[in-house]
Number of protein chains: 2
Amino acid sequence: MDARIKKERRNFIKTAAVGGLLSLVSPQLLSAAPDVKSAKITLSENDVILFQGDSITDAGRNRDNRDFNQAGALGRGYAFLAASELLNKHADKNLKIYNRGVSGNKIFQLAERWDKDCLEIKPNILSLLIGVNDYWHKHNGSYTGTLQSYEDDFRALLNRTKQALPDVKLIIAEPFAVNNISAVDRTWYPEFDHYRFAAQRVASDFGAVWIPFQKVFNGAQKKAPGIYWTTDGVHPSMAGSQLMAKEWLEAIK
Amino acid sequence: MDARIKKERRNFIKTAAVGGLLSLVSPQLLSAAPDVKSAKITLSENDVILFQGDSITDAGRNRDNRDFNQAGALGRGYAFLAASELLNKHADKNLKIYNRGVSGNKIFQLAERWDKDCLEIKPNILSLLIGVNDYWHKHNGSYTGTLQSYEDDFRALLNRTKQALPDVKLIIAEPFAVNNISAVDRTWYPEFDHYRFAAQRVASDFGAVWIPFQKVFNGAQKKAPGIYWTTDGVHPSMAGSQLMAKEWLEAIK
């Protein structure tokens, strides 16, 4: 766990205790997010890789083009950038790479389209980045799901996936936000952090490779201000997308 | 000069001599393409980088978005991929990166839109990839320009550029084709090679950094067949675009 998470964790527990709210907090929240030490994924010939998530994964892809390895179908974000690198570097492996991120999606909406947009594709490697809308849309009053339903639905989706595709290798990327940029302000904290911790617990419990995007965006702000890396605190700029792609590629040997 | 060029060059001279055509060949064609040894370009703070060219540079960019550093405005090709890497790696430099490639363009069409699409942008670093259409459209009968006019127009454009922007650093990328894929067949050779040689002579004479794309695509075919790297012999696949971006980035320190 990095120092920032530890501090916020402490502050949260303090606030909750002082406010007498401790009994309302799920026991899972009180366990610190595990420090996931994931093994990297070794690519094999004919691997099928699927990127799933919300607008950050979608990134303006042409949804009418459901093909693999095509620029229009892969969008303009981290999935396209990471896929381009994989297809060049592993040209001998006959990889097939798909993007099925859909703008605005929360975890329950992945579940609604999972047969068509995951199970039928039969990925060997499934990458998920989901959760910022589960928090954001609750925060702005347009969604009634909770932290608990986010984590429960995430686990249910992965159990369903493992049942259909027992050998699938999982990559779970951390939902992230950049504070003080447009859509994101201090009212997001500490609640949003607990969505990050929940995703990390799920990754740990399902043996997924964990991509620590929040840490990466925090570190990047030492080089350039937050607005350089994200347009609105949630969606990455070109620089931010490449930052993500490089970190995502760390999951692959 | 690599072995492949040397061999084709020899064959061309032999063919020309045997056919009694030697007197029709410009003296410039008979000089071997120079072996350009370019120094790399060091980026400075506030550098403005402009990608210019045809459809390979354009790569589906939104031409209504004339802004810098924006995914939609940069397209889905090597320019976007190289720009993403630069913006992430050099986050401290306040770079501005533009794409003004236009599908179908030949050298004379760059000249027609040069004030608006280059000189007004005032790039510190100008990258050009132009020439495949100058040959292709001549070959298919839709264009009457020649090898000589390609080289002459290229030189005139760079002289005009240097006059307006004396300190501009130039990058010239080699027009390339992948033989036996769709649009490209043996009828392209050896004539198409001489467009490559012309671009290389221009790069050498103007002190430009030279990007040897043909060599790169030739080498890549040891890892995967031509159709993996280009959809039609002229336009790169995702893997081909990343291959190009990586080579382009070699121009930058």
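Computed with a 1.4 Å probe over protein heavy atoms only, the accessible surface of the range B:43-249 comes to 35 Å² per residue. If you take the accessible area of B alone plus A alone and subtract the pair, what total do you get in square angstrom, rounded to 100, with a 1.4 Å probe? Its buried surface, counting both partners, is about 2500 Å². Close amide H pairs (under 5 Å, H built 1.01 Å from N) link residue B:97 with B:49, B:69, residues at least 5 positions away or on another chain. Label separation (residue A:253 vs residue B:191): 5.1 nm, computed from points 7 Å beyond Cα along the C-beta direction.
Give the shape of the range A:43-249 as rounded, prolate or oblate, defined through the alpha-carbon gyration tensor: a ≥ b ≥ c are the square roots of its eigenvalues, a/c under 1.5 means rounded, and otherwise the shape is prolate if a/b is larger than b/c and oblate if not. Oblate, since a/c reaches 1.5 and b/c is not below a/b. Residue B:138 contributes about 60 Å² of solvent-accessible surface, heavy atoms of the protein only, 1.4 Å probe. The loop-placed GluC sites (Glu not before Pro) in the range B:55-121, going by DSSP, that have at most 10 neighbouring Cβ atoms within 10 Å of their Cβ come out as B:120.
Sorted from shortest to longest, the distances between the residue A:103 label points of this copy and the other copies are 2.1 nm, with each point 7 Å from Cα along the line through the beta carbon. For the range B:61-138, a Kirkwood hydrodynamic radius built from all Cα pairs, placed in the Stokes-Einstein relation at 37 °C and 0.692 mPa s, yields a translational diffusion coefficient of 242 µm²/s. Sorted from nearest, the other copies put their residue A:221 label points 5.1 nm away, the label point being 7 Å from Cα in the direction of Cβ.
Peptides B:210-220, A:56-66, ordered by how many other C-beta atoms sit within 10 Å of their residues on average, highest first, read B:210-220, A:56-66. Placing R0 at 22 angstrom, the Cβ-Cβ distance between residue A:108 and residue A:223 gives a FRET efficiency of 0.05 after rounding to 0.05. Computed from backbone phi with θ = phi - 60° and the Karplus coefficients 6.51, -1.76 and 1.60, the 3J(HN,Hα) list for the range B:141-147 is x, 9, 8, 9, x, 10, 4 Hz; x is used for glycine and proline.
Backbone geometry of the range A:199-214 corresponds, through the Karplus equation with coefficients 6.51, -1.76 and 1.60 at θ = phi - 60°, to 3J(HN,Hα) couplings of 4, 5, 4, 4, 4, 4, 5, 9, x, 7, 6, 9, 10, x, 5, 4 Hz, x marking Gly and Pro.
For the pair residue A:152 and residue B:66, a Förster radius of 60 Å applied to the C-beta separation gives a FRET efficiency near 0.80, rounded to the nearest 0.05. Amide H to amide H, with H built 1.01 Å from N, residue B:169 comes under 5 Å of B:125, B:126, counting only residues 5 or more places away or on other chains. Around the amide H of residue A:252, modelled in the peptide plane, lie the amide H atoms of A:41, all under 5 Å away and 5 or more residues distant in sequence or on another chain. Label-to-label distances for residue A:142 across copies, nearest first, come out at 4.4 nm, using points 7 Å from Cα in the beta-carbon direction. Structural descriptor for the range A:43-249: relative contact order 22 percent, calculated from alpha carbon pairs under 8 angstrom and at least 6 residues apart.
The rule of thumb for compact globular proteins, 2.2 N^0.38 Å, goes into the C-alpha radius of gyration of the range A:108-215 1.09 times.
If you sort the three axes of the alpha carbon gyration tensor as a ≥ b ≥ c, you get a/c of 1.5 or more for the range B:159-227 and a/b above b/c, which makes it prolate.
Computed on protein heavy atoms with a 1.4 Å probe, the accessible areas place A:146, A:231 in the order A:231, A:146, largest first. Pairwise inverse Cα distances across the range B:201-253, averaged and inverted, put the Kirkwood hydrodynamic radius at 11.9 Å. Partner aspartates and glutamates whose Cα lies under 12 Å from the Cα of residue B:122, excluding those fewer than 8 positions away in the same chain, are identified as B:47, B:167.
The local environment of residue B:147, defined by Cβ-Cβ distances under 14 Å, has a net charge of -1 under the rule Lys, Arg +1 and Asp, Glu -1.
The values are calculated or read from the model by the stated rules, or taken from the named source; none is laboratory data. Just so you know, these numbers come straight off a predicted model, no measurement behind them. Every residue, glycine as well, gets a Cβ built from its backbone with ideal geometry; the counts of neighbours run over all protein chains shown. Note: areas computed on protein heavy atoms with side chains; ligands, DNA, RNA excluded. Shrake-Rupley method; radii C 1.70, N 1.55, O 1.52, S 1.80 Å.
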